[in-house]
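Okay, structure first, notes after.
The values are calculated or read from the model by the stated rules, or taken from the named source; none is laboratory data. Quantities reported herein were computed from a predicted structural model and do not represent experimental measurements. When we count neighbours, we look across all protein chains shown, and the Cβ atoms used for this are built from the backbone with ideal geometry, even at glycine. Note: accessible area is taken over every heavy atom of the protein model, side chains too, but ligands, DNA and RNA are not part of it. Shrake-Rupley method; radii C 1.70, N 1.55, O 1.52, S 1.80 Å.
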Amino acid sequence: KMLLGMSDENVSRTLVSIRGIGQWTCDMFLMFHLKRPNILPTGDLAVRKAMCHHFKVPFGKKTPTHEQMVEMAQAWEPYRSVATWYMWRLAGTITQKTT
């Protein structure tokens, strides 16, 4: 119940401080359990690949960065969680030759 009233950043900070919980887990918790509408899981590989495909930017081991993804997704605010669903769907349609 304490987490319900906290900001997304404070929930993430609190959860990441627990051993074994990382940012990806926090993002999924925020999206699916707390139903937060503006979460962009930049550590999610499928989201990274789909965003690169969608925005026609190269995908690499270290690119795009968290900051680049946040910048690309500015137009999706305050509904980046919804956009993430679309990126997951897009990721399921990308073939090896189109990336």
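Over the chain, how many pairs of lysines fall under 23 Å by alpha carbon, counting only those 8 or more apart in sequence or from different chains? Display every interim value, and only then the final one.
Numbers: Lys1/Lys35; Lys49/Lys61; Lys49/Lys62; Lys49/Lys97; Lys56/Lys97; Lys61/Lys97; Lys62/Lys97.
Number of lysine pairs found: 7.
The modelled label-to-label distance for the pair Arg89/Met6, using points 7 Å beyond Cα in the direction of Cβ, is 3.2 nm.
Taking the protein heavy atoms of the chain in the context of the full set of protein chains, the accessible area attributed to carbon and sulfur is 59 percent at 1.4 Å. Backbone phi angles across segment 34-44, fed through the Karplus curve with coefficients 6.51, -1.76 and 1.60 (θ = phi - 60°), yield HN-Hα couplings of 8, 6, 7, x, 10, 9, 10, x, 5, x, 7 Hz in residue order; Gly and Pro are listed as x. Once the mean of 1/r is taken over each pair of separate Cα atoms and inverted, segment 41-99 shows a Kirkwood hydrodynamic radius of 11.4 Å. Karplus-based coupling profile of segment 9-20, in residue order and whole Hz: 5, 5, 4, 4, 4, 5, 6, 5, 6, 8, 4, x, with θ = phi - 60° in 6.51 cos²θ - 1.76 cosθ + 1.60 and x standing for Gly or Pro. Residue order by solvent-accessible surface for Val82, Val57 is Val82, Val57, largest first, with ligands and nucleic acids left out and a 1.4 Å probe.
Which length gain, in nm to one decimal place, applies between Ala46 and Arg19 when the Cα-Cα distance is subtracted from 0.36 nm times their residue separation? Please list the in-between numbers first.
Details: separation 27, 0.36 × 27 = 9.72 nm, distance 2.47 nm.
Extra length from Ala46 to Arg19 when fully extended: 7.2 nm.
Between Met28 and Gln68, what FRET efficiency follows from the Cβ-Cβ distance if R0 is 22 Å, with the result rounded to 0.05? After rounding to 0.05, the efficiency reads 0.55.
By its C-alpha gyration tensor, with a ≥ b ≥ c as the square roots of the eigenvalues, how is segment 3-48 shaped: rounded for a/c under 1.5, else prolate for a/b larger than b/c, else oblate? Verdict is oblate for segment 3-48.
Across the chain, the mean sequence separation of Cα contacts (distance under 8 Å, 6 or more residues apart), normalised by length, yields a relative contact order of 27 percent.
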